[in-house]
Amino acid sequence: ALCPNVINQRHLRTLNYLFYKRFVEKTMTQENWTDHVQSTVGENRWLQGHLIQLLISYCDLNTAARWAQRCNLPKEMLPYGVADELQKLQIQERVEEASKEDHYEESRKKDYYQLPIPRANIHFLQTWEEMLQCWEKVLRPGQVVGIDMEWRPSFGMVGKPRVSLLQIALKDEVFLLDLPRLLEQAGTEGEKEKLPHFIQMLYSDAAITKLGYGMSEDLKSLAATWSALKDTDKQAQGVVDLLTVDKQVDVLSPEQSYEGRRFRQPEKGLSLLVQHVLGKPLDKTEQLSNWEKRPLREEQILYAASDAYCLLEIYEKLCKDPASFGLSSDLTESLVGKPSIKARSKKQLNKQEVPSPSGQVCKHLQRAACC
């Protein structure tokens, strides 16, 4: 077997030959040259050091720095000028990465539904003192609220998941209830019935309009979280499940544009309804997040708030002009007999008029009991 020094010298001669072919004869393409150089040098630090010296001679410091970064060479192995250039290169890449992130954020704002309320109006509730403030604002006669829930994806596991986050949207603010934390706190105070009592009061109050999408499934998950809530679906009043009108919406809003969306995955569910009614779909990137992990990321908080708040805007727009979305002037027809799941009970509709989030009376959309 040849000694390592002999092998290194052979590879070094190959390296010098590759530089001659590329930069003197100019008979080798950049792609082929790069492939051969990488193959010749490999993980050999001695050869990598000679590569940097050759790059300084044949090219420039910037090119040498890029190869030093590609080879992950320690700074102590680099000539002074290359080390300095590498530092500049890393700073430049961080700036470019930040610019890309800003561009991506602007693109998201252009393509997806955006919350119309300030970030300061989204409240993440983890204490009972905070819950009481929410309680006072939500449990008011004539209130219209959008409700959604999040839980950790089960990925095929049997049984209903436990709800990790309960979102309640009002016209001007959104409350995100950290259920595991509130339940833990209630356990230590010996007042475990507080939160289920609040949820029961909300769902059973016919004077408060509750908007949801597939709310029957949400209530089943709530019942799996607290046995005290197992009859909430039977007691629910003043609930409007927008899933029952989803398939009836067949006219796209005039402001909707398909440009720039041809290569995205097709929207479905609530996201598709938001797209049809409000012009832009929901960004569902965070849907499969681990909703039990704390703290929640900012993206999760905005996603959760959007899921609940968009229900208010959909409802108000459908109330104002149902005909433009292919719906009858009396939206009761869109709610009766079109359950969100197979096992819905046949409750009578409450025929009283429902206020819209803006405070106006919605004459078209009647209250329907969920489940």
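The values are calculated or read from the model by the stated rules, or taken from the named source; none is laboratory data. Bear in mind the structure is a predicted one, so any value in this text is a computation, not a measurement. Ideal geometry is used to build each Cβ from the backbone, glycine not excepted, and the neighbour counts take in all protein chains shown.
Structure above, values below:
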{"item": "Any hit, the range 53-67, residues being closer than 25 Å to ILE7 by Cα and not in a helix (DSSP H, G or I)", "result": "no"}
{"item": "Those residues of the range 162-221 which are part of a loop (DSSP other than H, G, I, E, B) and closer than 23 Å to LYS293 by Cα, in sequence order", "result": "ARG162, LYS192"}
{"item": "All positions within the range 12-37 that are touching a residue at least 24 places away in the same chain (Cβ under 8 Å) and closer than 23 Å to GLU76 by Cα", "result": "LEU12, LEU15"}
{"item": "Selected residue (only one of PRO153, PRO161, PRO196, PRO180 is in the same structural domain as ALA224 (by TED's automatic domain parsing) and more than 21 Å from LEU296 (Cβ to Cβ))", "result": "PRO196"}
{"item": "Test: GLU85 is in a helix (DSSP H, G or I) and over 23 Å from LEU195 (Cβ atoms)", "result": "yes"}
{"item": "The range 273-326: number of residues that are outside any helix (DSSP H, G or I), in contact with a strand residue (DSSP E or B) (Cβ under 7 Å, 6 or more places away or on another chain) and among the charged types (D, E, K, R)", "result": "1"}
{"item": "Candidate set from the range 64-85 (those that are surrounded by 14 or more Cβ atoms within 10 Å (Cβ to Cβ) and more than 39 Å from the chain's Cα centre (by Cα)); member that is farthest from VAL37 (Cα to Cα)", "result": "ASP84"}
{"item": "Every residue from the range 200-231 that is of a type in the set (Val, Ile, Thr) and more than 19 Å from PRO180 (Cβ to Cβ)", "result": "ILE208, THR209"}
{"item": "Test: residue in the range 143-152 that is of a type in the set (Lys, Arg) and over 15 Å from the mean Cα position of the chain (by Cα)", "result": "no"}
{"item": "Candidates VAL145, VAL239, VAL174 - the one that is of a type in the set (Val, Ile, Thr), in contact with a His (Cβ under 8 Å, 6 or more places away or on another chain) and buried (at least 21 other Cβ atoms within 10 Å of the Cβ)", "result": "VAL174"}
{"item": "Residues of the range 254-272 that turn out to be out of contact with any Phe, Trp or Tyr (no Cβ under 8 Å at 6 or more places or on another chain) and either modelled with pLDDT of 95 or more or not in a loop (DSSP other than H, G, I, E, B) (or both), as a count", "result": "2"}
{"item": "Flag if GLN30 is polar (S, T, N, Q), surrounded by 13 or more Cβ atoms within 10 Å (Cβ to Cβ) and either within 47 Å of the chain's Cα centre (by Cα) or over 20 Å from VAL82 (Cβ atoms) (or both)", "result": "no"}
